[in-house]
1. What about Leu294, is it of a type outside the set (Asp, Glu), open to solvent by 10 Å² or more (accessible area, probe 1.4 Å), farther than 22 Å from Leu60 by Cα and modelled with pLDDT of 95 or more?
2. Select from segment 41-55 the residues that are assigned to a helix (DSSP H, G or I) and surrounded by fewer than 20 Cβ atoms within 10 Å (Cβ to Cβ) and list them in ascending order.
3. In the set Val181, Val228, which member is closer than 30 Å to His50 by Cα and in contact with a helix residue (DSSP H, G or I) (Cβ under 9 Å, 6 or more places away or on another chain)?
4. Collect the residues in segment 120-146 that are open to solvent by 20 Å² or more (accessible area, probe 1.4 Å) and in contact with a Phe, Trp or Tyr (Cβ under 8 Å, 6 or more places away or on another chain), keeping them in residue-number order.
5. Taking into account only those residues within segment 197-216 that are touching a residue at least 60 places away in the same chain (Cβ under 8 Å) and open to solvent by 40 Å² or more (accessible area, probe 1.4 Å), which is nearest to Met234 (Cα to Cα)?
6. What's the total number of residues in segment 242-256 that are out of contact with any Lys or Arg (no Cβ under 8 Å at 6 or more places or on another chain) and surrounded by fewer than 24 Cβ atoms within 10 Å (Cβ to Cβ)?
7. Against the condition modelled with pLDDT under 90 and surrounded by fewer than 17 Cβ atoms within 10 Å (Cβ to Cβ), how does Ile161 come out, does it pass?
8. In segment 171-179, is there at least one residue being small (Gly, Ala, Ser), open to solvent by 40 Å² or more (accessible area, probe 1.4 Å) and touching a residue at least 40 places away in the same chain (Cβ under 8 Å)?
Amino acid sequence: MSEITPTTAAADALTAHAGEGPDAHAIMSFFGSGANDAAFNAWVTESTAHSNRGRVEGVLAILPLLSMLVIFGLLDGLTQQGHWKLFFGIIGAVTALIGVAAWFMVRDSPAMAVSGDSYLRSIIHGLGPSVMRANPRLYWALTAWLVVGTCTQVFLPYLIIYIQRYLRIDGYAIILAVVLVSAAVLSILGGRVIDRIGKLISVMPAAAILVAGLVGMFFARGMGPVMVAGTVMMAGFMLTTAAISGLVRDYTPLDRVGNVQGLRMIFAIMVPMVVGPFVGAAVIAGAAETYVDLGVMKSVPTPWIFLAAAVIAVFTIIPVLRLRHSAVPEASEAGGTAAGA
């Protein structure tokens, strides 16, 4: 893990000087995913146990959102003034410092195991039908993550625009701060509950909280109601993600930790980020109000994106029921599984 982490800093720094365009973004995403999504998350799997993964995931779930809040609070002024190179330069420099520190401070877990496969075989291993049949619980957990991820991507890309353009609330930064901090506290507290009652049992109650929050956002008008409904929605999202992510780690074959994190990128990131915004765009297509963004006329998001997301979230019950049907007691899964290795 420590050998890969600093590379994301190089990508951020390069992006700051490479100009705008998809090439620079692709470089940043490639190295960032290698450092965080592959190396760091694999290290977390190896460094945690069944008994504490709920608490760990409860904390990890809040970090991306809190980092977004920090960026808004400290650097939003630079973007408002158009100083994008300085913006990315600062982020790249900070990331570089963190990466170098991690290189010296973070050590691989003694539990680390390797498959011994070639690089190409290791890449395609997780996509084989025989591997899926050998690890059904892992792939049902990833499917549940796909559903939740798709649900959130229906509304999340449009959330700030919805607050500004549809609800006509200018203080979206205040709303984000209250919602994210409140949801973060609930996520940390909820992580302990997940460890106490079990991850699989926790998924449906957490998903129900998410659905309740989404329905609340459909009806919420005004800053106060949006803060309340948004807090419920984001807390439900974080808790659902924490429970499912813990399950994925529990079901991960001991010698395929990095490989499973690659599968996570497909199920939890890639597919939801393609399907979710497409659904959201379809829901708001033809909206009565429009706005111009970078010279392009776009539809103003409507509350129906939250109801569409709630409908998708309900489908989480299908993989969860399959998991419950095939589940063994969670206590016997501490440290992962060797199935399919």
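The values are calculated or read from the model by the stated rules, or taken from the named source; none is laboratory data. Here the structure is a predicted model, which means the values were calculated and not measured. Cβ atoms come from the backbone with ideal geometry, glycine included; neighbour counts cover every protein chain shown. To get the accessible areas, we keep the full protein, side chains included, count just its heavy atoms, and leave off ligands, DNA and RNA. Shrake-Rupley method; radii C 1.70, N 1.55, O 1.52, S 1.80 Å.
1. no
2. Val44, Ser47
3. Val181
4. Those that are open to solvent by 20 Å² or more (accessible area, probe 1.4 Å) and in contact with a Phe, Trp or Tyr (Cβ under 8 Å, 6 or more places away or on another chain): Met132, Arg137, Thr143, Trp145, Leu146.
5. Val215
6. 3
7. No; evaluated as a whole, the condition is false for this residue.
8. Yes, the conditions are met somewhere in segment 171-179.
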